[in-house]
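Here the structure is laid out as structure tokens; the discussion comes afterwards.
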Amino acid sequence: MRKVILISWSFIKHFYKWHLLLAISMLLISTVFVSYSNLSVIGSAGVLEIYGTLLGIILFAPLIYPEQDKGLWELEKSKKTSMLWHYFIRAICASFACVIGILVMLLLLHFGNSDIYVWKMMAGGVAELLFVGSIAYFFSMITNNVIIGYMASTVYYVINLTNSNLFGKISLFHMKSGDYTFTWIMYLVSIGILIG
């Protein structure tokens, strides 16, 4: 457990803190561009999906950022702890940060007197966020390039903005139409992509 904490803290301290600050800033800035007050369930779901899903892109794409430096990658590879273990710990840290981000958004909606389905929206928001994040993480890993991860997940996000039913159950923005049946399918596909 001590090793897990040390690996996590080292990654956050040296590489991930700026991405966490960017995610926090994005949440704060979203309150300027969109109202969190007196929304219907559909309106609350729309805010949660449009802005919450962006957290997945911000928080998952940079998880391989340290390995962009070839010297650091070779140093990490020479250590006793497997690189897969490092990546797993980072993915858990990013998932935890994403869950907190969705909770903060739900709290903002709640304190803004908006109608929300807490558990359904929590499950759906995290599912969409993890799915977009897993796309970013996957493409970052297979290309060893963080920028490609950002681009792939952003393209998927934009395609869903223009045609939200193109990918069936793994499309984004189902909650805006009152559909919550996508959640478990999206979780399973996200886990499959992360393992891949």
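For segment 169-184, the set of residues classified as open to solvent by 70 Å² or more (accessible area, probe 1.4 Å), in a helix (DSSP H, G or I) and more than 11 Å from residue 49 (Cβ to Cβ) consists of 169, 184, listed by residue number. Scanning segment 81-110 for residues that are touching a residue at least 12 places away in the same chain (Cβ under 8 Å) and either under 19 Å from residue 25 (Cα atoms) or among the charged types (D, E, K, R) (or both) yields a total of 15. For segment 31-50, a residue qualifies if it is open to solvent by less than 50 Å² (accessible area, probe 1.4 Å) and either under 23 Å from residue 149 (Cα atoms) or free of Cβ contacts under 8 Å to residues at least 12 places away in the same chain (or both), and the qualifying residues are 48, 49, 50.
Looking across segment 144-153, the residues that are open to solvent by less than 60 Å² (accessible area, probe 1.4 Å) and over 13 Å from residue 65 (Cβ atoms) come down to 152, 153. Residue-level analysis places residue 37 outside the set of residues that are of a type in the set (S, T, N, Q), modelled with pLDDT of 80 or more, in a helix (DSSP H, G or I) and under 29 Å from residue 164 (Cα atoms). Only one of the listed residues (114, 171) is touching a residue at least 60 places away in the same chain (Cβ under 8 Å) and in contact with a helix residue (DSSP H, G or I) (Cβ under 7 Å, 6 or more places away or on another chain). That residue is 114.
Residue 166 meets the stated requirement of being over 18 Å from residue 124 (Cβ atoms), open to solvent by 40 Å² or more (accessible area, probe 1.4 Å) and not in a helix (DSSP H, G or I). When segment 66-90 is limited to residues that are surrounded by 19 or more Cβ atoms within 10 Å (Cβ to Cβ) and touching a Phe, Trp or Tyr at 6+ places or on another chain (Cβ under 7 Å), the one that is modelled with the lowest pLDDT turns out to be 67.
Would you confirm, using the coordinates I've provided, whether residue 27 is open to solvent by less than 50 Å² (accessible area, probe 1.4 Å) and in a helix (DSSP H, G or I)? Full working, then the answer.
Working: open to solvent by less than 50 Å² (accessible area, probe 1.4 Å): yes; in a helix (DSSP H, G or I): yes.
Yes: the conditions hold for residue 27.
The values are calculated or read from the model by the stated rules, or taken from the named source; none is laboratory data. In this text, all values refer to a predicted model and were calculated from it rather than measured experimentally. Backbone-built Cβ (ideal geometry, glycine too); neighbour counts: all protein chains shown. Note: areas computed on protein heavy atoms with side chains; ligands, DNA, RNA excluded. Shrake-Rupley method; radii C 1.70, N 1.55, O 1.52, S 1.80 Å.
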